[in-house]
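To keep things clear, I will list the structure first and then write my remarks on it.
The values are calculated or read from the model by the stated rules, or taken from the named source; none is laboratory data. No experiment lies behind these values; they were computed from the predicted model shown. In this analysis, Cβ positions are derived from the backbone assuming ideal geometry, glycine residues included, and neighbour counts consider all displayed protein chains.
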Amino acid sequence: MYPKRGFLSSLIFLIMILLSGCASDPPQKGADPPDWLSKVPDNERYFYAVGVSGQTRSSNDAWNQAANRGRAELGRTIVSQVSSKDLIIATTRSEYTRQVIDVLSDTELNFTEVIERWFDRYGGFGPPNHYYVLVRLEKKQAQKILQNLR
């Protein structure tokens with residue numbers, strides 16, 4: 001009778017070892033998100049904005065999409081700064097915003113800079129496999145752009 005008990009104990013022990021080996025892997029964790037994702041920089045010299053991609057098949061397309069979205073956000077930031085200072089805008093706010101965004105997009109290499117990039121492979125900040133960029137524009141340059149639009 002005792003040999004059966006030893007066999008049963010060994011069998012249970014073996015099953016426990018097998019089950020513990022089949023436990024799922026812990027979730028993957030990538031690098032910590034950069035600080036600029038939570039708090040966009042703010043200083044006297046530059047306007048900053050963050051752009052994020054959607055899911056794309058190509059990383060180059062994703063980086064470009066994120067940069068363009070960052071430029072669009074820069075345009076909205078600039079317009080809101082102008083509006084908050086009670087400057088008179090001749091066109092409607094949405095038309096003016098579109099004009100600023102178009103200028104930033106058309107002349108991206110001359111005016112805006114992508115200063116940091118981050119790929120969120122595992123979804124540490126938002127959805128997995130999204131690309132983030134931090135773009136900036138010198139405030140003096142923004143003033144020149146706005147003057148040309150009036």
Go through the stretch 9-57 residue by residue and tally those that are at pLDDT below 85 and in contact with a strand residue (DSSP E or B) (Cβ under 6 Å, 6 or more places away or on another chain).
0
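Could you list all residues from the stretch 43-65 that are under 20 Å from Tyr122 (Cα atoms) and surrounded by 13 or more Cβ atoms within 10 Å (Cβ to Cβ)?
Val50, Gly51, Val52, Ser53, Gly54, Thr56, Asp61, Ala62, Trp63, Gln65
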Out of the residues in the stretch 105-120 that are at pLDDT 65 or above and more than 19 Å from Ser38 (Cβ to Cβ), which is surrounded by the most Cβ atoms within 10 Å (Cβ to Cβ)?
Thr112
Given the conditions (1) modelled with pLDDT of 90 or more; (2) closer than 18 Å to Pro34 by Cβ, report the number of the one that Leu137 does not fulfil.
(2)
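Here is a yes/no grid of residues against (1) closer than 26 Å to Pro33 by Cβ; (2) modelled with pLDDT of 75 or more; (3) part of a loop (DSSP other than H, G, I, E, B):
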{"position": "Gln65", "(1), (2), (3)": "yes, yes, no"}
{"position": "Gly70", "(1), (2), (3)": "yes, yes, no"}
{"position": "Ile78", "(1), (2), (3)": "yes, yes, no"}
{"position": "Ile88", "(1), (2), (3)": "no, no, yes"}
{"position": "Thr97", "(1), (2), (3)": "no, no, no"}
{"position": "Tyr122", "(1), (2), (3)": "yes, yes, yes"}
{"position": "Tyr131", "(1), (2), (3)": "yes, yes, no"}
Pair list, Cβ under 6 Å, 6 or more apart: the stretch 119-130 residue under 12 Å from Trp63 (Cα atoms), other residue part of a loop (DSSP other than H, G, I, E, B) and of a type in the set (Gly, Ala, Ser)
His130/Ser53
So Gly6, is it farther than 17 Å from Pro127 by Cβ, modelled with pLDDT under 65 and not β-branched (Val, Ile, Thr)
no
